[in-house]
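The values are calculated or read from the model by the stated rules, or taken from the named source; none is laboratory data. Please read these numbers as outputs of a predicted model, since none were measured by experiment. In this analysis, Cβ positions are derived from the backbone assuming ideal geometry, glycine residues included, and neighbour counts consider all displayed protein chains.
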Amino acid sequence: MDYNDFLNAKTHEGTDQGFDPVWMPRELFPFQVSLVEWACRKGRAAIFADCGLGKTPMQLTWAENVSRKTGGRVLILAPLAVAFQTIREGEKFGVKVIHRRDGIQEGDKIVVTNYERLHYFNSNDFTGMICDESSILKNFDGEIRKSVTDFMRKLPFRLLCTATAAPNDYEELGTSSEALGYMGQKDMLTRFFTNNGSFMNRAGKSGGRNYTKIGSSVYMIRPHAETDFWRWVCSWARAMRKPEDMGFNDGGFELPSLHVRQHTVKAAQPRDGYLFDLPAVGLKEQREDLRRTINERCGMAAKLVNDHDKPALVWCNLNEEGKKLTRDIKGAVEVTGCDSEDHKERTFLDFVTGKIRVLVTKPSIGGFGLNFQHCAHQTYFPSHSYEQYYQSVRRCWRFGQKDPVIVDLITTDGQDNVLANLQRKSEAASQLYDNLVLMMRNELQIKKQEKYIKEELPSWL
């Protein structure tokens, strides 16, 4: 081993442990073909592609290639009620996908199930695994997260797919790397970050840039290690918001306009002891403000949706909100957490096919993975979760949507701090994606130059 080899061994960059694809459907776009080829050659990879760029066809093509190459099975983990959508996509591309809830059966090759059903399956029965909308993992309790990571660690072929990898939390990139078998989360923090003290003392100074919060501590990226950090991420992940990010033509992938309208409703009565409402401070006051203004907020949402007869998606956070919205909106059907999986899938499908005009549900239930591009109007009650907001909006505002999308944010005077936090996280997410895309493009250009030097120039040069 010479000195260059020694240095390269210290980079922790992912190596190719896969194979050249053995099958590729003609229906894929060139950028999708490129991503699938790269993911197959890597063997263990992450695709961070924005909503509407065809993550499901890419997942299915990758799964079919692993199955054909190895003769083994591939398991696809998807958010609740998304399995039917995966099966429909498989039918379009000639990939047979079986939905199982209680384990595999003889002859199964590519199986899709929900994250919550993983305990019915054995990792020894599979060669590959895909986590669809992998960023949803952090919304589960520790046991489900640990079981998914442990299940995946035992497989030679692994693929993570999501549109919002670590929208404002670099820690998630570490958990993704760990699940894929590269650098662990703690090793990532030690190598690229420095502990900068408590969150209360430091977060305000960071401005949401290049830091991750873990417990009560804030970890900042070391200034001299920032480039190496993004090069490391790009060694096992690909990110894109549009085909141009990877040097492809954007033709056919233009987003329609998005109109976010803010509606601030007044509480019927101010908080006890106050003459007028002030911004709520802390979660306790914010929750009290939400419960105190349920009638006003739900009334505004119902008015906005009842003013037209087109499809509408109505997001809520509280059970009481969902019940009131369903009562007050014409033709509304609610999906709740206690509904059966069959009911959820049937209701989502009825909404997609137009049998239901208005769908009422929570972002944690219907905000991940589903395609509602037939709908161009949403109402939304803001919370501190940027990822839920982003994912909820992108159910409708996605490539393939033909109409301008309207999102009505309904809030109160007491929720000013919530909106400010959401804006801060949005800016942090934009910066993270900008960095990831920029470094990815630089790495691809460097690799093209290296390939040219190796293949085209005489050896003496």
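Numbers below:
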| quantity | calculated |
| --- | --- |
| Criterion violated by Tyr389 - all others in (1) surrounded by fewer than 21 Cβ atoms within 10 Å (Cβ to Cβ); (2) assigned by TED's automatic domain parsing to the domain that holds Leu318 satisfied | (1) |
| Members of segment 94-106 that are touching a strand residue (DSSP E or B) at 6+ places or on another chain (Cβ under 7 Å) and surrounded by fewer than 20 Cβ atoms within 10 Å (Cβ to Cβ) | Lys96, Ile98, His99, Arg100, Arg101, Ile104 |
| Verdict on Glu341 being acidic (Asp, Glu), modelled with pLDDT under 95 and within 20 Å of Asn371 (Cα to Cα) | yes |
| When residues of segment 309-357 are limited to those that are polar (S, T, N, Q) and within 23 Å of His384 (Cβ to Cβ), the one surrounded by the most Cβ atoms within 10 Å (Cβ to Cβ) | Asn317 |
| Strands (runs of 3 or more DSSP E) completely within segment 70-154 that count 1 or more residues being among the small types (Gly, Ala, Ser) and touching a residue at least 12 places away in the same chain (Cβ under 8 Å) | 74-78, 128-132 |
| Members of segment 385-415 found to be farther than 17 Å from Arg261 by Cβ, touching a residue at least 60 places away in the same chain (Cβ under 8 Å) and outside any helix (DSSP H, G or I), listed by number | Arg395, Arg398, Phe399, Gly400, Gln401, Lys402 |
| Tally of residues being within 17 Å of the chain's Cα centre (by Cα), modelled with pLDDT under 90 and among the acidic types (Asp, Glu) across segment 117-153 | 1 |
| Among residues of segment 310-338, those that are at pLDDT below 95 and more than 28 Å from the chain's Cα centre (by Cα), counted | 2 |
| Residue match in segment 373-383 (condition: within 21 Å of Ala78 (Cβ to Cβ), buried (at least 22 other Cβ atoms within 10 Å of the Cβ) and touching a helix residue (DSSP H, G or I) at 6+ places or on another chain (Cβ under 7 Å)) | no |
| Residue among Ala225, Ala165, Ala179 that alone is among the hydrophobic types (A, V, I, L, M, F, W, C), buried (at least 19 other Cβ atoms within 10 Å of the Cβ) and either assigned to a helix (DSSP H, G or I) or at pLDDT 85 or above (or both) | Ala179 |
| Breaking point among (1) outside any helix (DSSP H, G or I); (2) touching a helix residue (DSSP H, G or I) at 6+ places or on another chain (Cβ under 6 Å); (3) in contact (Cβ under 8 Å) with a residue 60 or more places away in the chain, for Asn317 | (2) |
| Enumeration of residues in segment 74-107 that are over 26 Å from Thr336 (Cα atoms) and of a type in the set (Asp, Glu) | Glu91, Glu106 |
| Among the residues listed as Val360, Val418, the single one being buried (at least 19 other Cβ atoms within 10 Å of the Cβ) and either in a helix (DSSP H, G or I) or not assigned by TED's automatic domain parsing to the domain that holds Lys303 (or both) | Val418 |
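Residues checked against (1) surrounded by fewer than 24 Cβ atoms within 10 Å (Cβ to Cβ); (2) within 26 Å of Gly174 (Cα to Cα); (3) among the basic types (Lys, Arg):
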| residue | (1), (2), (3) |
| --- | --- |
| Arg41 | yes, yes, yes |
| Gly52 | yes, yes, no |
| Leu60 | no, yes, no |
| Gly72 | yes, no, no |
| Phe84 | yes, no, no |
| Arg88 | yes, no, yes |
| Lys92 | yes, no, yes |
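Residue by residue, here is whether (1) modelled with pLDDT of 85 or more; (2) under 30 Å from Thr70 (Cα atoms); (3) small (Gly, Ala, Ser) holds:
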position	(1), (2), (3)
Glu171	no, no, no
Phe199	no, no, no
Ser206	no, no, yes
Gly215	no, no, yes
Trp230	no, no, no
Val233	yes, yes, no
